[in-house]
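A.B. asks: Below: one structure in structure tokens.
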Amino acid sequence: LALGYRSRAAFKLVQLDQKLRFLRAGGRALELGAAPGSWTQVLVERKLETFALDELPMEPVPGASFVQGSLIDAAATAQLLLLLGDEPVDLVLSDISPARSGHRSLDSARLTSLLLQVLYLARRTLRPGGSVLMKALQGEDHQQLLRALRSFSSVSAHKPAASRKESAELYLYADRFDPARFDAAAPALLHLG
């Protein structure tokens with residue numbers, strides 16, 4: 001693949017960062033659903049201290065720490081939290097996509113469940129002011145996700161040019177995490193951008 005990336009997904013992350021400017025050198029990033037490692041490569045290339053998790057095996061990316069295990073496996077997340085230590089992360093990323101069943105509503109429910117797990121882990125690891133970037137599906141009811149995202153000051157949706165036109169994927173970017181807002185009554189607003 002061009003530029004030595006393991007998959008074309010790297011170009012999606014690069015394009016999203018060109019627009020949103022969230023990859024900051026010296027920051028700490030937690031990547032969930034990391035295999036095959038192309039986003040991990042970009043994060044390390046941009047000089048972020050990178051911690052990655054995936055249930056699939058992944059060839060090592062020099063400069064990144066990797067835990068093989070599921071997001072919903074307590075032992076794997078405990079190992080990941082141990083690696084992170086007491087210092088919070090600046091950015092949580094998820095390009096997770098569950099195995100497709102062929103039933104759109106079931107696939108959407110599975111993805112939403114995983115994204116809620118991503119947000120649960122983000123709330124445990126993000127510093128105040130931190131950000132989350134995660135893959136979702138267009139045309140689905142995102143109300144449950146939006147309620148979970150209300151601890152962020154801003155939420156927007158983006159489809160990078162590197163995504164296939166026919167793909168229903170989009171990326172939700174939630175910025176300026178505020179743990180005190182988690183119980184706020186007002187729902188977050190989703191802005192398409």
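The values are calculated or read from the model by the stated rules, or taken from the named source; none is laboratory data. Quick caveat, the model's predicted, so the values are computed rather than measured. So basically every Cβ, Gly included, is an ideal-geometry build from the backbone, and we count neighbours across all protein chains shown.
A.B. asks: Counting only residues that are in contact with a Gly (Cβ under 6 Å, 6 or more places away or on another chain) and either exposed (fewer than 13 other Cβ atoms within 10 Å of the Cβ) or at pLDDT 90 or above (or both), give me the strands (runs of 3 or more DSSP E) lying completely in the range 128-193 with at least 1 of them.
C.D. replies: 152-158, 169-177
A.B. asks: Pairs only if they're at least six apart or on different chains, beta carbon under 6 angstrom, first in the range 38-51 and of a type in the set (Gly, Ala, Ser), second modelled with pLDDT under 95; list them, first residue then second.
C.D. replies: 38/5; 38/6; 38/7; 38/9; 38/10
Residue by residue, here is whether (1) polar (S, T, N, Q); (2) in a helix (DSSP H, G or I); (3) surrounded by fewer than 21 Cβ atoms within 10 Å (Cβ to Cβ) holds:
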{"position": "15", "(1), (2), (3)": "yes, yes, yes"}
{"position": "30", "(1), (2), (3)": "no, no, no"}
{"position": "44", "(1), (2), (3)": "no, yes, yes"}
{"position": "56", "(1), (2), (3)": "no, no, yes"}
{"position": "72", "(1), (2), (3)": "no, no, yes"}
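A.B. asks: Could you say which residue among 85, 69, 63, 26 is over 13 Å from the mean Cα position of the chain (by Cα) and farther than 21 Å from residue 122 by Cβ?
C.D. replies: 63
A.B. asks: Within the range 109-122, count every residue that is surrounded by 15 or more Cβ atoms within 10 Å (Cβ to Cβ) and touching a helix residue (DSSP H, G or I) at 6+ places or on another chain (Cβ under 8 Å).
C.D. replies: Adding up the residues that qualify gives 4.
A.B. asks: If you don't mind, another one. Only residues in the range 9-37 that are at positive phi count as the first member; pair them with residues that are hydroxyl-bearing (Ser, Thr, Tyr) and not in a loop (DSSP other than H, G, I, E, B), Cβ under 6 angstrom, at least 6 apart or cross-chain, and list the lot.
C.D. replies: Within 6 Å, the pairs are 33/94.
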